[in-house]
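Working notes for the structure below.
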Amino acid sequence: MSLKEEVEILRQIPLFAKIEPSKIKLLAFTSERLTFQPGDLLCKQGDNGDAAYFIMAGEASVIVETPSGPLTVATLGKNDVVGEIAILIDVPRTATIEAATELTALKITKDVFFRMVTEFPEMAVEMMRVLAERLVRTTDDLQKAKESNRK
Amino acid sequence: MEVSRPRLMEHNIYKYILRYSMKQQIILTVLSIASFPFLYYFLTLPKVIINQAIQANDIAFPVEYVGFEFDQNEFLYLTVGIFLVMVIVNQAFKYIINVYQGISGEQMLRRLRYDLYGRILRFPMPTFKKKSPGEIIPMITAEVEPLGGFIGEAFAVPIFQGGYLLVIVGFLVVQNWAMAVAAIALYPLQAYFIPKLQKQVNLLGKARVRLVRTLSDHLGEAVSGVEEVHAHDGSNYMRAQFSRLLDEIYTVRYRIYLLKFVIKFLNNFIQQLGPFFFYAIGGTMVINGTLEVGTLVAAIGAHKEMAAPWKELLAYYQRREDARIKYEQVVEQFDPAGMRDESNQLTEPEELPHLTGEMVASNIELADDTGTKLLEGLTARFKLNERVAIIGPAGSGREALTHVLSRLIDPDQGRLTAGGLDLISAPEAIVGRRLAYVGQHGYVFNSTLGDNLFFGLKHRPLHEKKYEGEEETRRQTYIKNAELTGNTPDDVDADWFDYDLAGVTDAEGLKARALTVLEMVDLSDDVYRLGLRSTIDPRQAPETAELILSARRRFFEKIEADPSLKNMLEAFEQDRYNTNATVAENLLFGTPVGDDFDLDRMAENRYVQKIIEEAGLTETFLQMGYQVATLMIELFAGLPPDHEFFQLYGFISSDDLPEYQAMISRIDWDHLDQLKEEDRLRFMSLPFKVIPSRHRLGVLTDDIQEKVVLARQKFAAELPPHLKDSVAFFDADAYNAATNLQDNILFGKIAFGYAQAAEKIGAVLGTVVEEMSLRNTIIAVGLNFKVGTAGARLSANQRQKLCIARAIIKNPDVLILNQATSSLDAVTQARLMENILNEFKGKGLIWSIDHADKTAGFDHVLILRRGRLAESGSPEKLGQGSVLYKDMLTGS
């Protein structure tokens, strides 16, 4: 896959929709595109985070360690962003991300990520939207869990 | 055959010269004297030629000479013929004397340097606190250099030149005593004034030597302390200090020049007074008819001849003074109090007793150079089959005690015995083999890791190296020259390994032992990794190369068998483009050897240009270069120049970017064939750096890749003979001597864009190494790793572990460690301590440690306070009964 094709794929990700193509090109050029085999880890819960991943193809499972063993809490697919929390705030990875199928992702390092976010407010807003959506979903899940506990 | 040398160095240079080169000096003197008759005869010849042969005064032709008759012409030819012969004879004498002088001087210089070096090796330790390498080094290298020249001429020059002068004066006296007196009348004046002036020059010379020493000391400090200079913005202050030193030297040199040239002026003036008198007095006498013209000419000639030796004598006098000062100043620096006796290092006892029984230190007193007492009447005894810990607060004398026990520092008073042996008087041959010491920062020599590890096993050449033919002759000359100059004839290339000491029988055994010890000090993984990254010469280690090749085959079997791994490594294949390597690597398809091919500057190489041109790729490359440049400008133009991207994705550095910007706006895509040479090179250089898989620029189409592969084959096939050794080509079935073991096994590029590819490939490599039991072979290669100056290519931890391993591998009866592991992290420290305690179970171990809680594994503990032994006993006993020990336990 050449840089041009990558840029095309990246532009379809909502987060990058409003960013000028040359900057996306820079992002694509300076970022590593990685292929993961099923079972490979994108990141491991508890490790320090230094990069976020934009999934370009394939699926990944989000796994959380619980006292009763690992628990798959979500599945991610094309155009999803993972691992951004640990690079936004310096906390260890909150979950393990494992490739469920063969997966291609763009690895964006902390430095590049912050550069992009500070340079393009649109991207920051988009980022907030993604996080907010995720918060809504989590709150929802929590609600359901509480209710099922009560029963 | 040991030459006995005086304990004190001769303080007078003449005594030193006579002591070691009496024979040479006598030969030189005899040669000089033997030359005088010929010289005298040579001086009288012009008179004979002019007065008799030419003017025919006092002679009747034909004249009979050794049985032949000569007429005037023949007589003239005869005399000028003799003149020519005499010229040759005199010059031959000069030549022989000069060469012999030079050789004698060099021999003495070699001896002097060797003596001084030997003295450094015997300096008492505290001396090195006061003398820096910056001071010592120039003394042996530069300062003594002129001494060699002087020593050769010390006696010969005054005798030869003085005699020469006397001959000429004698000749003049015979000719006409009045003129002789006139010619030398002013010499006493010179002889009086010159030494006076010279004395001042000498004093200045002394000052200059001292200043230069300070200068080199400062230089040494600037280099060693360069971190501090940067960290504290101290460069201005350093510069000012340096400038002041230079000024002092300048001032001294300035004054030396003034005086030197005053001396020269006086000399020349007085010299020229001679002709003045000759013309005045001699001329008057010729006019009056009391002197023949021939005699006057001969006298003037003789006086002219006189100028040279007289000048030489004066110059000799200056050099002598210079040499005397240098010698005295150097020698006084090499005679510190408390220096060990030479026999202490040179004696090789018949038998090396093992240290058994008890070690007893009684009434040990030791003060440092300020007079502060470090040990005050310390008395301690412990068994030599016990592991002893020394603890105590700062200033308790722990460190000083380890120095005394290991015999690095002589105590001011007291006795030290081990078994029945008096350690204070024991030769280094016993102390240095039966004891081992490691301090907090051991020193690693600039050599290989193995050389450092085995340093403690090399005491004497044990098995001479066999030489044959020409080499044997060379070796004999070496021995002869060494003995002539009091140097050691020991052969550095002989087998020095003391296998017995290491407890093994041969080199193989030693290798095995080395692996054990490296494991013990937690260094074997490091050496293994260094081994993987080392190169070997397959001619010298064909078995290793063969093993590595089979490892390569096995590695690829594994990779091929696992589909998930297969894509992660792209092997080098002769007829396929490697998309994970740069274009330069693809074209060269090998490892550069030497400087002929530089992967970063391929575009500039004439041969590469030729191949590219012939492959029809020049235009393609220019177009690619243009594309890459355009893209880089588009991407990077807005970035600040110091942005890391420039370095990480460095097709174009930030400095060059504006240049390329200008080029792109100036040059049209369609006119790439009409570029200036400079622009051409700029564009051409870019595509060589492209790695298709990594950069994904899409400029390197399949078609171009194919062409590059063809060019690659052409490159190898047409390589001219003078470049044959400049590339080690990749060959799947051959070991590549130019690259390291790891790359030889992998024989390809780890693919970009696969998660954890390096780790996974590394794991396969690890499996192969394990399955084939290659680890030890690779560690053995790692032992050849060059550690750099003071071990700079190793980490501080690796250096320290290496020093500990060096002390253990020689199987000492007593290992003395002075906080030797304290710079390591806690986990490593604990592991090392456990290993060493195990190794020395039932042997002698003395370990000065900083925390009482680490003493649990020891048999015996000494607690020091204020330079004395406060308490001692087993850790259990102390733990029950000693308040001090309990305090230290809780305090730590």
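As an exercise, use a Förster radius of 60 Å and the Cβ-Cβ distance of residue B:242 and residue A:32 to find the FRET efficiency, rounded to the nearest 0.05. So, using R0 = 60 Å, E works out to roughly 0.80. Listed values for the stretch B:840-847 are Karplus-derived 3J(HN,Hα) couplings in whole Hz (6.51 cos²θ - 1.76 cosθ + 1.60, θ = phi - 60°), namely 9, 4, x, 10, x, 9, 10, 10, and x replaces Gly and Pro. In this calculation the C-beta distance from residue B:573 to residue B:630 is compared with R0 = 22 Å, giving a FRET efficiency of 0.10. Taken one residue at a time, the phi angles of the stretch B:458-464 give Karplus couplings (6.51, -1.76, 1.60, θ = phi - 60°) of 9, 10, 8, x, 9, 10, 4 Hz. Gly and Pro are set to x. Across the stretch B:836-891, counting alpha-carbon atoms alone, Rg and Dmax equal 11.3, 32 Å.
With the Kirkwood sum run over all distinct C-alpha pairs, the stretch B:53-198 has a hydrodynamic radius of 21.1 Å.
Rounded to the nearest 0.05, the FRET efficiency derived from the C-beta distance between residue B:197 and residue B:724 at R0 = 51 Å is 0.20. When peptides B:809-822, B:292-305 are ranked by their average number of other Cβ atoms within 10 Å per residue, the highest-first order is B:809-822, B:292-305. Across every direction, the projection of the convex hull enclosing the Cα atoms of the stretch B:460-523 has a mean area of 6.0 nm².
Share of pairwise Cα-Cα distances greater than 13 Å in the stretch A:96-135 is 67 percent (whole percent). Length gained on full extension, residue B:362 to residue B:834, computed as 0.36 nm times the residue gap minus the Cα-Cα distance: 166.9 nm. Each stretch of four or more DSSP H residues adds -39500 (n - 2.57); spread over every residue of chain B, this sum gives -18500 deg cm²/dmol at 222 nm.
Look at B:310, B:177, B:847, B:496 and count the other Cβ atoms within 10 Å of each Cβ; fewest to most, that gives B:177, B:496, B:310, B:847. Among B:663, B:772, B:359, the ranking by other beta carbons within 10 Å of each residue's beta carbon, starting with the fewest, stands as B:772, B:663, B:359. Put simply, when B:468-476, B:370-378, B:856-864, B:793-801 are sorted by average Cβ atoms within 10 angstrom per residue, most first, you get B:856-864, B:793-801, B:370-378, B:468-476.
Here's the picture: a label point sits 7 Å out from the Cα of residue B:249 along the beta-carbon direction, and within the stretch B:119-155 the residues with their amide nitrogen under 14 Å of it are B:134-135, B:138-139, B:142-143.
The lysines whose alpha-carbon is closer than 24 Å to the alpha-carbon of residue B:199, local same-chain residues fewer than 8 away aside, are B:15, B:260, B:264, B:311, B:326. Estimated at 0.36 nm per residue, the fully extended path between residue B:337 and residue B:668 surpasses their Cα-Cα distance by 111.1 nm. In this simple spin-label approximation, residue B:883 and residue B:599 carry label points 7 Å from Cα along the Cα→Cβ vector, and these lie 7.0 nm apart. In the stretch B:13-333, the inverse of the mean reciprocal separation of distinct Cα atoms equals 23.8 Å; this is its Kirkwood hydrodynamic radius.
Across chain B, C-alpha contacts under 8 Å between residues 6 or more apart give a mean separation that, scaled by the residue count, equals a relative contact order of 18 percent.
From most to least packed by mean Cβ count within 10 Å, the peptides B:194-207, B:240-253, B:685-698 give B:685-698, B:194-207, B:240-253. Sorted into 5 angstrom bins from 0, the C-alpha pair distances of the stretch B:16-61 split as 5, 19, 14, 12, 11, 9, 8, 7, 6, 5, 4, 1 percent. Near residue B:870, the amide H atoms lying under 5 Å from its own belong to B:863, B:864, B:865; only residues 5 or more places off or on other chains count, and H is placed 1.01 Å from N. Modelled label positions at residue A:85 and residue B:34, each set 7 Å beyond Cα in the direction of Cβ, lie 10.1 nm from each other. Inter-chain neighbour count for A:33-46: the average number of beta-carbon atoms from partner chains within 10 Å of each residue's beta-carbon is 3.
Along its first, second and third principal axes, ordered by size, chain B spans 119, 95, 60 Å in Cα coordinates. Here the spin labels are modelled as points 7 Å beyond Cα on the Cα-Cβ line, and at residue B:505 and residue A:149 they lie 7.5 nm apart. Amide H contacts under 5 Å for residue B:590: B:730, restricted to partners 5 or more places along the chain or on a different chain, H placed in the peptide plane at 1.01 Å from N.
Using a Gaussian network model of chain A in which every pair of alpha carbons under 10 angstrom is joined by a spring, one finds that among A:132, A:99, A:86 the greatest mean-square fluctuation is at A:132.
In order along the stretch A:12-19, the phi-based Karplus estimate (6.51 cos²θ - 1.76 cosθ + 1.60, θ = phi - 60°) of 3J(HN,Hα) comes to 7, 6, x, 4, 9, 4, 9, 8 Hz; Gly and Pro are listed as x. Sparsely packed loop sites in the stretch B:380-458 (the chymotrypsin sites (Phe, Trp or Tyr not before Pro) outside DSSP H, G, I, E and B with at most 13 other Cβ atoms within 10 Å) comprise B:443, B:445.
Take each residue of peptide A:24-30, count the partner chain Cβ atoms within 10 Å of its Cβ, and average: the result is 4.
Could you calculate, for the stretch B:581-729, the ratio of the Cα radius of gyration to the Kirkwood radius, expressed as Rg to Rh? Using Cα coordinates only, the ratio equals 0.97.
The convex hull around the C-alpha trace of the protein assembly as shown, projected and averaged over every direction, spans 66.2 square nanometres.
The Rg/Rh ratio for the stretch A:3-150, using Cα coordinates for both the radius of gyration and the Kirkwood hydrodynamic radius, is 0.98. Full extension of the chain segment joining residue B:370 with residue B:776 gains 141.1 nm, where the gain is 0.36 nm per residue of separation less the Cα-Cα distance.
Each reported figure results from applying straightforward, stated rules to the coordinates on display, with no laboratory input. Owing to the predicted nature of the structure, the values given are computational and were not obtained by experimental measurement. Glycine also receives a Cβ, built like all others from the backbone with ideal geometry; neighbour counts cover every protein chain displayed.
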